[in-house]
Amino acid sequence: MPYCPQCRFEYKKGMKKCPDCGAPLVDKLEKESPQGINYVPLRTLPSRLYAEMLQDSLKKEGIPSIIKSDDIAITFPSHGTTSAVPVSIWVPKDKAERSAEIADQMLDHI
Ligand SMILES: [Zn+2]
């Protein structure tokens, strides 16, 4: 499977470029590099709106996050309506626990 060396995400076979950052994909990701952040999936959300709300809450806690909806980006690059498609939000591995608490709190209020 190809990986993005920048975002450290795995993509579908046959992809050559990262849809997020445009970096050429590599076949194998090197083991965690010293300065590289290792992201793990936190939640899959029903729409980008929720993902952005959660991203906002995480940001307030100083936790960086990445919203993934690569299928959309690939299939409909200029399509505006992404509401029905699930997106996932990724956080640094060492912040995953705290992020899960924030996510649980936020999703309780939806
Ligand atoms: Zn990338």
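The values are calculated or read from the model by the stated rules, or taken from the named source; none is laboratory data. Keep in mind it's a predicted model, so treat the numbers as computed, not measured. Cβ: placed from backbone, ideal geometry, glycine included. Neighbour counts: every protein chain shown.
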When restricted to Glu30, Glu10, the only residue of a type in the set (Asp, Glu), at pLDDT below 90 and out of contact with any strand residue (DSSP E or B) (no Cβ under 9 Å at 6 or more places or on another chain) is Glu30
Show the residue pairs meeting these rules: Cβ distance below 6 Å; 6+ apart or different chains; first residue within the stretch 1-19 and more than 15 Å from Pro41 (Cβ to Cβ); second residue surrounded by fewer than 16 Cβ atoms within 10 Å (Cβ to Cβ) and of a type in the set (Val, Ile, Thr). Pro5/Val26; Pro19/Ile74
What are the pairs, 6+ residues apart or on separate chains, where a residue within the stretch 77-106 that is closer than 15 Å to Ile37 by Cβ and modelled with pLDDT of 65 or more has its Cβ under 7 Å from a residue that is of a type in the set (S, T, N, Q) and part of a loop (DSSP other than H, G, I, E, B)? Ile89/Ser65; Trp90/Ser65; Val91/Ser65; Pro92/Asn38; Lys93/Asn38
